[in-house]
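Asker: Here it is, the structure, as structure tokens.
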Amino acid sequence: MVLMSAGDASVASPRIPVRSEVDPCNTWDLTKLFPHTEAWYEGLAEYEKQAERIPSFRATLGISPESLADYLDFSKTLGLLEERLNYYSDLRQTEDEGDNAARTMTGRFLMAAAQAQAAASWAVPEIQAIPDPVMERFLAHPRLEEYRVYLKKLLRYKPYILSDREERLLALHAEGENLASDAFSVLTNVDLEFGVLDTPEGKRPLSQSTWSVFMEHPDRDVRRRAYEAFYQRFDAHKTTLAALYAGSVKQDVIKARIRGFPSARAQHLFPDAVPETVYDNLISTVSANLAPLHRYYRLRKQALGVDTVRHYDVYAPLIPKAVTQIPWNEAVDLISAALRPLGEEYVSVLRAGLLGRWADRYENKGKRSGAFSAGSYQGDPYILMNYKEDSIRDVFTLAHEGGHSMHSWYSARSNPFMHYGYTIFEAEVASTFNEELLFRYLNTTAASPELARYGINKRADDLVATLYRQTMFAEFEQRTHALEEAGTPLTVEVLRAEYRALLTKYFGPDMVLEETSDLEGLRIPHFYRAFYVYKYATGISAALALAERVLSGGEQERQDYFTFLRSGGSRFPMESLKLAGVDMASPAPVESACAVFAKLVSAIAEGFS
């Protein structure tokens, strides 16, 4: 690893290669899903052929445990093929979003899957209609052993399952449920043009993708002009944006009422069996611990040398960026060393995957931005990266996605297909856990004081983004859905007022908000996936608690963590995390996470004293 000061970085950006120019060694190997595209189309044809058998099982599921098992065996086989088809086509499309062949595959698959879903819409109501005493007898049969967890989870929905006809209507309607989200995405990512800004480095385009780069620019005037230009475009479309979000909230409320849930929030928390008190505890605990966050923003005034801190100052670097050169293999070495407390198997499997072909490593033209892990039952737990050697943040991202992939690796090897999938509530624990171990390792082995300071500041920024900001988002979602359920129309004025009140609460008295600051609430794509963002905040709270427990404990604490990784979908998330050693029904993990942030802020303050 070569460390340079920010001023030493003068490497010219290379031309972004097209996909065909990328060395296959730096790409993921999808042949574990299908050996080639022709085989995928053969698989799709087989899927469509097998889906035609779905109606033949109708009115048979309650006859005997064997007949129910026959259908579930068929459903599992069809589901395995469906997952392979889905992952292969989707991953191919992310390699190059402009590849028409890949987009055609994705479209063909989605149409076939929607038809199969509609054809099978009778199955869940038919299983639910089996009398409880009969189902208890069925569940004791050996043929249903691998489906017991799946069936017991399914039976929880019994009070909310409708008739065959109603379920079919809802299934047919499902394709249109994402219209508000899709329209929002097209408007904000395609139709909105933000122009070009003059910067000390020359003219630079402003876009959704480059927004964060401008907000991190060291020149305050560049940040201000970018902020004003950006929100000017959102201001011009604020009524449309408000209508789209209001429509999405209304859809959530209507679906909850159709199925008989007491609220939209209750419906969204039900699949994970997460009590609503967990959501409430998160908001109340974070709200009681805003003092360190307000101190953090006061420090920004000092660090930036300004009289007032404004909304466009919140992402500006507090210290000069520690620019590093960390090639991929060295990043894997760093991550392997940091994760050594998890044992030989974990490290060796992840290391082999990262040095092998689990990951699609570098940017190419048309490739999806960002990073993700896509773990399936039969393929590798694939990782998409756009790795840059001069970004220490990308090393943390790789550790994060590696945590997801190893979670998938253990889940798939420890559970039957029908319930191997873990929840999003749990997913962010395994990924953030790895980041915390990497942070602690670098903090004790940093090549320079500058890199150590950068690590502390980065960790604090991560907690702001994940613990505090996501909780603010969660509180906004709670407020907007409650207003809709109470009959208050979600006009642009109502939405902006609610969001501005939260900005004032979370940023504190030292923040000067712009007139357009509350438009931020109309541009967050996560809001179109309701009651999802709170899981980031609970996830990082659980991860910090478990990292401390594993690092300060012994073999038992390590094995408790692996019990969590192996749980998959065999337990509800609250139960699997409690077995690992953290009780998310208690506010204690969130309080501890807030305390960790407070210590980081104190360390940052010492650096400026």
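Throughout, read-outs are computed from the coordinates displayed, never taken from laboratory work. Keep in mind that what you see is a predicted model, and the values were worked out from it rather than measured. Here Cβ is always computed from backbone atoms with ideal geometry, including for glycine, and neighbour counts include all displayed protein chains.
Asker: Residues with beta-carbon under 13 Å from that of THR423, excluding THR423: net charge, scoring Lys, Arg +1 and Asp, Glu -1?
Answerer: Working: positive: LYS153, LYS535, ARG571; negative: ASP272, GLU426, GLU428, GLU575.
After counting each charged neighbour, the total is -1.
Asker: If you don't mind, there's one more thing I want to ask. Going by a ≥ b ≥ c, the root eigenvalues of the Cα gyration tensor, does segment 172-215 fall in the rounded group (a/c under 1.5), the prolate group (a/b larger than b/c) or the oblate group? Could the numbers behind the result be given before it?
Answerer: On the way: a/c = 6.73, a/b = 3.69, b/c = 1.82.
Prolate shape, in that a/c is at least 1.5 and a/b is the bigger ratio.
Asker: On to the next question. Please give the Cα centre distance for segment 219-275 versus segment 47-109, rounded to the nearest Å.
Answerer: 31 Å
Asker: Okay, moving on. With a point put 7 Å past each Cα toward its Cβ, work out how far THR210 is from LYS365 in nm, to one decimal.
Answerer: Label at THR210, label at LYS365, 1.8 nm between them.
Asker: Can you give the local net charge around ALA116? Use residues other than it whose beta-carbon is closer than 10 angstrom to its beta-carbon, Lys and Arg +1, Asp and Glu -1.
Answerer: Values: positive: none; negative: GLU48, GLU52, GLU82.
With Lys, Arg at +1 and Asp, Glu at -1, the net is -3.
Asker: Ranked highest first by average number of other Cβ atoms within 10 Å, how do 386-392, 527-533 line up? Mind dumping the intermediate values first?
Answerer: Numbers: 386-392: 17.7, 527-533: 19.9.
Sorting 386-392, 527-533 by mean packing, highest first, produces 527-533, 386-392.
Asker: Distance between Cα centroids, segment 176-196 to segment 141-165: provide it in whole Å.
Answerer: First find each Cα centre; the distance between them is then 38 Å.
Asker: Could I ask something else about it? Among the DSSP beta bridges whose two residues both lie in the chain, what percent are antiparallel, rounded to the nearest 5?
Answerer: 75 percent
Asker: List the lysines whose Cα lies under 20 Å from the Cα of LYS49, skipping any in the same chain that are fewer than 8 positions away.
Answerer: Answer for LYS49, where 20 Å is the Cα cut-off: LYS76, listed by chain and number.
Asker: Given an 8 Å cut-off on Cα distances and at least 6 residues of separation, report the relative contact order of segment 339-496 as a percent. Mind dumping the intermediate values first?
Answerer: On the way: 131 pairs, mean separation 23.9, N = 158.
Over segment 339-496, the number comes to 15 percent.
Asker: May I ask for the distance between the Cα centers of segment 446-479 and segment 551-609, given as a whole number of Å?
Answerer: With segment 446-479 and segment 551-609 each reduced to a Cα centre, they are spaced 16 Å.
Asker: Return the calculated 222 nm mean residue ellipticity for the chain, to the nearest 500 deg cm²/dmol, obtained by summing -39500 (n - 2.57) across DSSP H runs with n ≥ 4 and dividing by the residue count.
Answerer: -19000 deg cm²/dmol
Asker: Given the Cα atoms of the chain, and with Rh set as the inverse mean 1/r over their pairs in the Kirkwood sense, what is Rg to Rh to two decimals? Each step should come with its number before you reach the end.
Answerer: Details: Rg = 25.0 Å, Rh = 26.2 Å.
Result for the chain is an Rg/Rh of 0.95.
Asker: Only helices at least 27 Å long along their axis, Cα-based, and averaging -1.0 or more on Kyte-Doolittle count here, so list those DSSP H runs from the chain. Display every interim value, and only then the final one.
Answerer: Values: long enough: 65-95 (44 Å, -0.74); 100-119 (28 Å, 0.18); 238-259 (32 Å, 0.03); 392-414 (33 Å, -0.51); 424-445 (32 Å, 0.11); 534-552 (28 Å, 0.63); 588-608 (30 Å, 1.20).
Membrane-span-like by this rule: 65-95, 100-119, 238-259, 392-414, 424-445, 534-552, 588-608.
Asker: Assign one of three labels to segment 196-348, namely rounded, prolate or oblate, based on the Cα gyration tensor with a ≥ b ≥ c the square roots of its eigenvalues; rounded applies when a/c is under 1.5, prolate when it is not and a/b is larger than b/c, and oblate otherwise. Intermediate results must be reported in sequence, preceding the final value.
Answerer: Details: a/c = 1.79, a/b = 1.17, b/c = 1.53.
Oblate, because a/c is 1.5 or more while a/b does not exceed b/c.
Asker: Quick check: net charge around VAL274, other residues with Cβ under 15 Å of its Cβ, Lys/Arg +1 and Asp/Glu -1? Show your work: numbers first, answer last.
Answerer: Numbers: positive: LYS153, ARG156, ARG265, LYS535, ARG571, LYS578; negative: ASP272, GLU276, ASP280, GLU426, GLU428, GLU477, GLU575, ASP583.
Overall, the nearby charge balance is -2.
Asker: Quick one: compute the contact order of the chain, relative version, from alpha carbon pairs under 8 angstrom and 6+ residues apart, as a percent. Please report the intermediate quantities before stating the final value.
Answerer: On the way: 780 pairs, mean separation 118.7, N = 609.
Relative contact order here is 19 percent.
Asker: Here's a follow-up. Order these by the 10 Å Cβ neighbour count, fewest first: PHE476, PHE597, PHE270, PHE372.
Answerer: Values: PHE476 20, PHE597 23, PHE270 16, PHE372 13.
With the sparsest Cβ surroundings first, the list reads PHE372, PHE270, PHE476, PHE597.
Asker: Relative contact order of segment 200-351, please, whole-number percent, based on alpha carbon pairs below 8 angstrom and at least 6 residues apart. All intermediate terms of the calculation are to be shown ahead of the outcome.
Answerer: Numbers: 64 pairs, mean separation 33.8, N = 152.
RCO, segment 200-351: 22 percent.
Asker: Here is a follow-up. How would you classify segment 26-176 from its alpha-carbon gyration tensor, with a ≥ b ≥ c the square roots of the eigenvalues: rounded for a/c under 1.5, else prolate if a/b is greater than b/c, otherwise oblate?
Answerer: Working: a/c = 2.47, a/b = 1.86, b/c = 1.33.
Taking the square roots of the gyration eigenvalues as a ≥ b ≥ c, segment 26-176 is prolate.
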